1. Given Cβ point charges of +1 (Lys, Arg) and -1 (Asp, Glu) and nothing else, what value in debye, to the nearest 20, does the dipole of the chain about its Cα centre take?
2. Using the Cα centre as the reference, give the magnitude of the dipole from point charges on the C-beta atoms of segment 14-71 (Lys, Arg: +1; Asp, Glu: -1; all else neutral), rounded to the nearest 20 debye.
3. Per the helix-only calculation at 222 nm, which mean residue ellipticity applies to the chain, given -39500 (n - 2.57) for every DSSP H run of n ≥ 4 and division by its residues, nearest 500 deg cm²/dmol?
4. Given a 1.4 Å probe, how much area per residue of segment 34-77 is accessible, in Å²?
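The values are calculated or read from the model by the stated rules, or taken from the named source; none is laboratory data. None of the values given here were measured: they were computed from a predicted structure. Note that we place each Cβ from the backbone using ideal geometry, even for glycine, and neighbour counts take in every protein chain shown. To get the accessible areas, we keep the full protein, side chains included, count just its heavy atoms, and leave off ligands, DNA and RNA. Shrake-Rupley method; radii C 1.70, N 1.55, O 1.52, S 1.80 Å.
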Amino acid sequence: MNKENKYQKLALSLLFDAIGYVSYLIPGVGELSDIVWAPASAYLMTKMYKGNKGKVAGALAFIEEAMPGLDIVPTFTLMWLFTYVFSSKESKKTIEV
C-alpha cells in the first residue's frame with residue numbers, strides 16, 4: 001500500500017471520529033444522531049478495511065456508536081493504528097536460517 005493512501009485513511013479516520021463526537025455538542029439531540037451514525041460508521045469501517053479485520057472493526061464501530069457514553073472512543077483512529085503501526089511491525093519479522 002502506498003504512503004498516500006495510508007495517510008488518506010488516517011485523515012478520513014480522524015474526520016469520522018470527529019463526526020462521532022458531534023453527539024456531545026447537543027445534549028439529548030446528539031444521541032438521536034447516533035441512530036443514523038452507528039450503522040453508517042460500521043459501513044464506512046468495512047469499506048475502509050477489507051476482510052475479517054474490517055468486519056470485526058465494523059461491528060465494534062457500530063456497538064461503540066450505538067451504546068450511550070462510548071462515543072469518546074476513537075474507533076477509526078485506533079483501527080488505523082492497529083493496521084499501519086502495530087500490525088506492520090509483525091510483518092517485518094526476519095527469518096533466521
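1. With Lys and Arg at +1 and Asp and Glu at -1, about 620 debye.
2. Values: 4 positive and 6 negative charges, 87 e Å.
Taking the Cα centre of segment 14-71 as origin, the dipole is about 420 debye.
3. Numbers: 5 runs with 67 residues, N = 97.
Only helices count here, giving -22000 deg cm²/dmol.
4. Details: 2380 Å² over 44 residues.
So segment 34-77 comes to 54 Å² accessible per residue, rounded to a whole number.
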